[in-house]
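Everything below concerns the one structure shown next.
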Amino acid sequence: HLKHFDPNFYGTPVIIIELTDTNISTWHPLKWTKLLNTNFYRINNIKPNGLRKIKVTFNSIFHANICLDSPLLAEHNLSAYIPSTLIFSYGVVKLDTSLSEEDFLEDAKCVVPIIGFKRIAVHRDGNLTPTRIVEIEFLSTKIPKSLSIFNVLFDVSPSVRSPLQYNKPQTHPTQ
């Protein structure tokens, strides 16, 4: 789990606060929202988020980080973290296969910070072959509409990330 928002983060700061004591049988979000609203500032909203968790949205990175660092949470059997799914977004662009990751990262310009580059490759004739598709990781909850490389604009499309596949070995009944 991430523990602090980067000052360059472009998006809404959201954290998860979780009850750590499994021996506490009664969990009611209102008890904890009162504690949070009394002790922390710039909270936009608080929503239940599953069993023993609440999602807290701030309108300030600074104040979200104060909450993440607060010893008050541990005193009340709570822990806070930033779920990575609420920090990063992934988009794809089509680039010439001759453009290296180093060249891309050296000159790419975007309204949100770019923190990752991965060229998609496919298996062809038993070999891994790079494609024109590049997946880019952004430090933002939303992908930007475009980015520029060497002053050429490229449209960014949402990345459709494939779930990991598990191939269960087939068993054949004995006859």
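The values are calculated or read from the model by the stated rules, or taken from the named source; none is laboratory data. If you're wondering where the values come from, they're calculated on a predicted model, not measured in any experiment. With ideal geometry, Cβ positions are generated from the backbone for all residues, glycine too; neighbour counts draw on all protein chains shown. Remember, those area values only see protein heavy atoms, side chains included, never the ligands or the DNA or RNA. Shrake-Rupley method; radii C 1.70, N 1.55, O 1.52, S 1.80 Å.
Ignoring ligands, DNA and RNA, what percent of the 1.4 Å accessible area of the chain is carbon and sulfur?
Percent of accessible area from carbon and sulfur atoms in the chain: 52.
Roughly how compact is the range 93-143, stated as its Cα Rg over 2.2 N^0.38 Å to two decimals? Please report the intermediate quantities before stating the final value.
Numbers: Rg = 12.4 Å, N = 51, 2.2 N^0.38 = 9.8 Å.
Taking the Cα Rg and dividing by 2.2 N^0.38 Å, one obtains 1.26.
Rounded to the nearest 10 degrees, what's the angle between the helix 29-39 long axis and the longest principal axis of the chain, both from Cα atoms, 0 to 90?
Rounded to the nearest ten degrees, it is 90.
Using r as the Cβ-Cβ distance of SER148 and ILE115, and R0 as 22 Å, what FRET efficiency do you calculate, to the nearest 0.05?
On the way: r = 17 Å, r/R0 = 0.78.
After rounding to 0.05, the efficiency reads 0.80.
How big is the dipole moment of the range 1-131 about its Cα centre under a simple scheme where the beta carbon of each Lys and Arg is +1, that of each Asp and Glu is -1, and everything else is neutral? Debye, nearest 20, please. Walk me through the intermediate numbers first.
Numbers: 13 positive and 12 negative charges, 156 e Å.
Charge dipole, the range 1-131, about its Cα centre: 740 debye, nearest 20.
Antiparallel as a % of all DSSP beta bridges within the chain, to the nearest 5? Don't jump to the answer; show the numbers that get you there.
Working: 37 of 38 bridges.
Antiparallel: roughly 95 percent of the beta bridges in the chain.
Go from 0 up to the bin containing the longest alpha carbon distance in the range 4-62, width 10 Å each, and give me the % of pairs per bin.
Computed distribution, short to long bins: 22, 49, 24, 5.
Restricted to Cα positions, what overall size does the chain have along the principal axes? Three whole-Å values, descending.
67, 59, 21
For the pair SER157 and SER60, what calculated FRET efficiency results from E = 1/(1 + (r/R0)^6), where r is the Cβ-Cβ distance and R0 = 35 Å, to the nearest 0.05? Walk me through the intermediate numbers first.
On the way: r = 31 Å, r/R0 = 0.89.
That gives a FRET efficiency of 0.65.
Between THR97 and ASN77, what is the spin-label point distance in nm, taking each point 7 Å from the Cα along the Cα→C-beta axis?
Once both label points are built, they end up 5.8 nm from each other.
Can you find, among GLY50, ALA80, PRO13, the residue farthest towards the positive end of the dipole of the range 1-114? Put +1 on the C-beta of Lys and Arg, -1 on that of Asp and Glu.
GLY50
From the cross-link list LYS3/LYS53; LYS47/LYS94; LYS3/LYS142; LYS94/LYS142, which pairs have alpha carbons spaced over 27 Å apart? All intermediate terms of the calculation are to be shown ahead of the outcome.
On the way: LYS3/LYS53 16 Å; LYS47/LYS94 38 Å; LYS3/LYS142 20 Å; LYS94/LYS142 19 Å.
Violating the 27 Å Cα-Cα cut-off are LYS47/LYS94.
Give the distance, in whole Å, between the Cα centre of the range 99-120 and the Cα centre of the range 71-94.
So the separation of the two Cα centres works out to 24 Å.
I need the peptides 133-140, 15-22 ranked by packing, meaning the mean over residues of other C-beta atoms within 10 angstrom, with the highest value on top. Don't skip to the end; give the middle numbers.
Values: 133-140: 20.0, 15-22: 16.2.
Answer by packing, highest mean first, reads 133-140, 15-22.
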